[in-house]
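Structure first, commentary second.
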Amino acid sequence: MTRSQQRDLAARCQELAAALPLPSPWDLDTFIAELAELRGRPIELRRVSSVESESPCGALVSLSDRDVIGYVPSTPLHEEHIILHEVGHLVCGHSDTKLADSPLVEALVPDLPRELVQSVLGRSAFDASTEQEAELVASLYLYRAGRAPAPLRRVRKLDAKSGRTLREIQATFDSARRSPEKRR
């Protein structure tokens with residue numbers, strides 16, 4: 001991505017993130033409810049605890065009557081970021097169906113026939129610019145809400161291997177947090 005494209009992407013993301021009012025004080029559930037009302041369709045948040053390790057940590061499933069955002073358990077701030085990343089896909093108008101048969105989608109909507117899934121987005125199903133756009137929008141929401149520092153000025157690519165490595169690091173810390181060794 002050229003510098004000009006990076007600037008254009010950053011400007012578009014700032015415009016999209018600034019267009020939605022944030023509740024004060026910040027509350028993710030209130031933000032999601034207000035966004036659903038603005039869009040005229042429900043948004044469901046679903047925490048999914050058991051999916052394959054290669055699955056994305058979040059997914060957006062668009063159905064004919066609602067959008068479902070699924071996320072795997074993590075720290076509260078990371079869960080917020082995952083959810084807001086998927087919101088970024090919504091407000092940016094991204095859509096795809098490549099993950100319709102993924103384990104995360106199966107966990108999100110287990111009784112739903114796959115042909116009713118209109119769009120599915122997850123971190124492994126879209127191109128780098130789409131990923132960067134959703135990620136930057138999520139970071140800007142968190143920054144505006146006072147939950148995170150300002151996003152980096154330069155949008156950087158995150159290749160698939162780096163993403164897997166970061167998930168492995170997170171899994172290591174998550175498992176250590178669940179079963180800490182006793183200190184003497």
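Quick notes
- Extension gain, S95 back to A18 (0.36 nm per residue minus Cα-Cα distance, nm): 25.6 nm
- Ranking of E15, E135, E86 by count of other Cβ atoms within 10 Å, fewest first: E15, E135, E86
- For S49 and D27, the FRET efficiency from 1/(1 + (r/R0)^6), where r spans their Cβ atoms and R0 equals 25 Å, is about 0.60.
- Projected label points at S129 and D8, each 7 Å from Cα along the beta carbon direction, are separated by 0.6 nanometres.
Laboratory data are not the source of any read-out in this text; all were calculated from the coordinates shown. Fair warning: this is a prediction, and the values are worked out from it, not measured in the lab. As a convention, Cβ positions derive from the backbone with ideal geometry for all residues, glycine included, and neighbour counts pool all protein chains shown.
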